[in-house]
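Data first, discussion second: the structure below is written as structure tokens.
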Amino acid sequence: MKTWLSPRIKLLITLAGLLIAIQIVNSLSGYSLVSFGIQPRTTHGLMGIIFAPLIHGDWAHLLSNLPPLLILSALLLHDSIRKYAYASAFIIVIGGAIVWLIGRNALHIGASGWIFGLWGLLIAQGFFRRKWLDIVIALLVLFYFGAMASGLLPVHQKISTESHIAGAIAGIAYAWIANKKSKIAQSANSPKGAPK
């Protein structure tokens, strides 16, 4: 149990430490790192696809994103660290690319797209895989983070609703693709003539 738990705790602590360290640098430099956010349909803004989730506008922005990011990450880490890394990379890149393509002409920063991606993935995983643990986690996410659905509505001009929607789409897409690949692998490994 300790060998299973320890690397996951270390990963979450490292993630929190990285985001806090970036925010310290950002605040000390007069928030100059904000320019590395996603600027839709600009060449410079392409780098924001990777960097935007790590950059926050102020400490309140970071501290509002950090708890849900860590909790949803911990829930996804019940599986393997590798699968969490693949899912996060997919959500960040695909969600960020969608924002770059269709987002408003503004700087889009913060981990909220990543958070909505994990949220969408955990809920969709329960639906697609239909394993009891995935269903329990999906129900917990719906119960405790159901209010996040309001973040998909464009209610505040300073909030990147595009990031929320794009992240959720990317998370659901990843759950669907991973489930499809798993079924193909199971089908290929099952003996010929065995029921599928």
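Screening Ile55 with (1) open to solvent by less than 50 Å² (accessible area, probe 1.4 Å); (2) more than 11 Å from Ala111 (Cα to Cα); (3) at pLDDT 95 or above gives one miss only, at (2). Only residues in the range 1-24 that are closer than 15 Å to Pro67 by Cβ count as the first member; pair them with residues that are outside any helix (DSSP H, G or I), Cβ under 8 angstrom, at least 6 apart or cross-chain, and list the lot. Partner pairs satisfying both residue conditions: Leu12/Leu77; Leu19/His56; Leu19/Ala111; Gln23/His56.
In this structure, is Ala87 at pLDDT below 95, under 19 Å from Ile165 (Cα atoms), of a type outside the set (Phe, Trp, Tyr) and open to solvent by less than 50 Å² (accessible area, probe 1.4 Å)? When the stated conditions are applied, Ala87 does not pass them.
When the helices (runs of 4 or more DSSP H) confined to the range 91-196 are screened for residues that are free of Cβ contacts under 8 Å to residues at least 40 places away in the same chain and in contact with an Asp or Glu (Cβ under 6 Å, 6 or more places away or on another chain), none reaches at least 3 such residues.
What residue, of Leu77, Leu63, is in contact (Cβ under 8 Å) with a residue 60 or more places away in the chain and of a type outside the set (D, E, K, R)?
Leu77
None of Val99, Val93, Val34 is buried (at least 16 other Cβ atoms within 10 Å of the Cβ) and within 22 Å of Ile169 (Cα to Cα) except Val99.
The values are calculated or read from the model by the stated rules, or taken from the named source; none is laboratory data. It should be emphasised that the depicted structure is a prediction, and the values quoted were computed from it without experimental measurement. Neighbour counts run over all protein chains shown; Cβ positions are idealised from the backbone, glycine included. Surface accessibility is based on the protein's heavy atoms, side chains included, excluding ligands, DNA and RNA. Shrake-Rupley method; radii C 1.70, N 1.55, O 1.52, S 1.80 Å.
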